[in-house]
Amino acid sequence: MADFRELIDLASERLGGSVLYANDDFFAEKENLLKPSRPVWKEHEYTDRGKWMDGWESRRKRVPGYDFAIVRLGVRGVVRGVVVDTSYFRGNYPQACSIEATSARVDAPVEHLLDADWREILPRSPLQGDSENIFAGVHSDAVTHLRLNIFPDGGVARLRAHGAIVPEWRLAGGLGNEIDLAAVENGGDVLTCSDMFFSPKHNLIMPGRAHNMSDGWETRRRRGPGHDWVIVKLATEGRVRRIELDTNHFKGNYPDTASIEGSPDGENWTEVLPRTKLQAHTRHFFIDELLTAGPFTHLRLNVYPDGGVSRLRVWGVATENGRRAAAVDHVNTLFDASELRRVCGSTRWAEQFADARPFNAWDRMIEASNQIWFALAPDDWLEAFRAHPRIGERRPGWTAQEQSGTSGAAEETMRALAEGNRAYEEKYGFIYLVCASGRSADEMLANLQSRMNNERDSELRVAAEEQAKITALRLEKLVL
């Protein structure tokens with residue numbers, strides 16, 4: 001990426017970004033920081049507090065310290081660069097700024113955020129007045145909130161935080177369900193297009209329907225041969241079920257026809273939707289017309305010969321490869337690696353696994369997990385075992401799903417499992433552990449009974465192997 005500003009603005013109000021708090025906004029309101037429009041100047045406009053300014057401006061500080069504002073990003077993501085715009089702030093801009101980031105619940109109250117674990121992503125840096133101050137950087141953690149610090153006081157017109165979206169898939173319903181594979185909030189991205197003279201390419205995958213004609217993707221009038229096109233990178237590899245093309249607000253300038261191609265790698269293309277007649281100001285839905293479902297990682301929308309499309313929706317389901325790639329991204333970008341303790345209850349495994357990041361593929365991640373796990377001491381294994389409920393016990397979260405085979409089991413089988421658990425613990429000193437996913441209660445009971453013949457050292461190893469299987473399944477469940 002030559003210019004990080006080509007990436008999505010994670011703080012955009014269109015995506016739900018909001019300025020939650022500022023310790024001082026005496027002269028100009030903190031909410032101005034995220035306005036989608038460029039700053040403006042009103043020569044003779046004043047309020048009862050002073051000159052009207054299109055930005056956030058604090059009063060002149062007469063005590064030690066500095067001013068700051070807390071921004072909730074519209075989408076969780078990895079910040080690749082920020083723009084601190086001081087347009088029209090000339091004698092009243094801050095001398096310097098810094099930016100910190102954290103990861104928290106989207107509904108975290110300000111009181112919690114003030115005491116959060118803030119990590120610096122932009123060190124204290126000098127600012128120029130009446131300028132777009134551009135700061136590029138590479139940061140590895142996915143964050144939800146930013147804290148803009150200004151030294152010591154003054155005004156900032158706009159804040160932009162461009163980066164890569166890393167959805168919190170479990171909060172969004174999980175990758176096991178149908179999603180809009182193209183949606184920006186799911187991590188879809190418009191990579192390139194033939195032309196975007198009238199409006200930006202990223203409008204095509206923004207939330208909601210277009211507000212007006214400017215809120216879509218529109219090309220100039222083509223005067224020569226050929227046609228216009230746009231390439232969308234899907235949120236994850238998926239199989240397409242239905243597609244929507246919306247020409248909302250485009251009445252005298254919509255494309256005459258359109259077609260769609262799909263690619264598993266961004267290079268080799270297959271026809272998905274044959275060239276089809278479009279209508280003005282209309283939502284077009286395609287299901288039976290689709291020639292193939294994929295799997296695809298990219299789609300190319302072709303419009304003939306030119307014109308405007310307000311939205312592209314690509315409804316589908318992630319493939320196994322797509323889910324696993326998303327799980328790798330999730331692990332690689334974790335802000336708080338303590339979440340890994342939910343995957344495996346061993347403290348040392350979680351610490352060493354976090355230190356081994358980043359992983360470049362699912363297989364490499366599982367290989368690293370197993371290497372770390374089997375190199376640990378037996379006490380570390382026992383710590384992980386203690387994090388599990390007994391088979392047949394119900395706890396909220398993953399264990400209820402993992403032990404779904406016990407639901408509806410015969411009362412006699414459940415009594416035998418409870419008795420077997422007690423006998424197992426008396427003999428070995430740790431709980432009976434089995435990768436329960438896909439197993440019935442009767443199968444788990446038979447497995448328990450057969451393992452009661454093992455010597456303790458041998459059974460400890462068997463239980464460790466079961467934990468390794470559970471860990472791999474739970475790593476994938478991070479996005480389900």
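The values are calculated or read from the model by the stated rules, or taken from the named source; none is laboratory data. Note that the coordinates shown come from a computational prediction; the quantities given were computed from them, not determined experimentally. Here the Cβ positions follow ideal geometry from the backbone for every residue, glycine too, while neighbour counts run over all protein chains shown. Just so you know, the surface numbers come from the protein's heavy atoms only, side chains and all, with ligands and any DNA or RNA stripped out. Shrake-Rupley method; radii C 1.70, N 1.55, O 1.52, S 1.80 Å.
Among the residues of region 141-168, write down those that are open to solvent by 10 Å² or more (accessible area, probe 1.4 Å), in a loop (DSSP other than H, G, I, E, B) and touching a Pro at 6+ places or on another chain (Cβ under 7 Å).
Within region 141-168, the subset open to solvent by 10 Å² or more (accessible area, probe 1.4 Å) is 141, 144, 147, 151-153, 160, 162, 164-168.
Cutting the leftovers down to in a loop (DSSP other than H, G, I, E, B) gives us 141, 152-153, 166-168.
The answer is ASP153, and nothing else.
Can you spot a residue in region 169-178 that is modelled with pLDDT under 95, in a loop (DSSP other than H, G, I, E, B) and of a type in the set (D, E, K, R)?
yes
Can you give me the number of residues within region 179-201 that are polar (S, T, N, Q) and part of a strand (DSSP E or B)? Spell out the reasoning first.
So the first thing to find is which residues in region 179-201 are polar (S, T, N, Q), and the list is 186, 192, 194, 199.
The next check asks that each one be part of a strand (DSSP E or B); those that pass are 192.
Residues in region 179-201 being polar (S, T, N, Q) and part of a strand (DSSP E or B): 1 in total.
Is there any pair with a first residue in region 1-14 that is of a type in the set (Gly, Ala, Ser) and a second that is open to solvent by 30 Å² or more (accessible area, probe 1.4 Å) whose Cβ atoms are under 7 Å apart and which are 6 or more apart or on different chains, and what are they?
Close Cβ pairs (under 7 Å, with a partner that is open to solvent by 30 Å² or more (accessible area, probe 1.4 Å)) amount to ALA11/ARG160; SER12/PRO36.
Name every residue in region 426-441 that is outside any loop (DSSP other than H, G, I, E, B), at pLDDT 95 or above and open to solvent by less than 50 Å² (accessible area, probe 1.4 Å), in order of residue number.
Within region 426-441, just TYR428 meets the criteria.
Could you please let me know if GLY91 is open to solvent by 40 Å² or more (accessible area, probe 1.4 Å) and small (Gly, Ala, Ser)? First the steps, then the outcome.
On the way: open to solvent by 40 Å² or more (accessible area, probe 1.4 Å): yes; small (Gly, Ala, Ser): yes.
Yes; evaluated as a whole, the condition is true for this residue.
Can you report the number of residues in region 22-43 which are over 26 Å from HIS211 (Cα atoms) and either open to solvent by 70 Å² or more (accessible area, probe 1.4 Å) or in contact with a His (Cβ under 7 Å, 6 or more places away or on another chain) (or both)?
Matching residues across region 22-43 total 2.
Does region 405-415 contain at least one residue that is farther than 14 Å from ILE470 by Cβ, surrounded by 15 or more Cβ atoms within 10 Å (Cβ to Cβ) and modelled with pLDDT of 95 or more?
no
I'd like the full set of residues that are in a loop (DSSP other than H, G, I, E, B), in contact with a Pro (Cβ under 9 Å, 6 or more places away or on another chain) and either of a type in the set (A, V, I, L, M) or open to solvent by 40 Å² or more (accessible area, probe 1.4 Å) (or both), limited to region 261-294.
PRO264, LEU278, GLU289, LEU291
Within the set of pairs 6+ apart or on separate chains, which have a first residue in region 360-382 that is closer than 19 Å to GLY429 by Cα, a second that is among the basic types (Lys, Arg), and C-beta atoms under 7 Å apart?
LEU376/ARG348; ASP380/ARG348
I'd like the residue in region 238-260 that is surrounded by fewer than 19 Cβ atoms within 10 Å (Cβ to Cβ) and not small (Gly, Ala, Ser) and, out of all such residues, is nearest to GLY208 (Cα to Cα).
Looking at residues that are surrounded by fewer than 19 Cβ atoms within 10 Å (Cβ to Cβ) and not small (Gly, Ala, Ser), I get GLU244.
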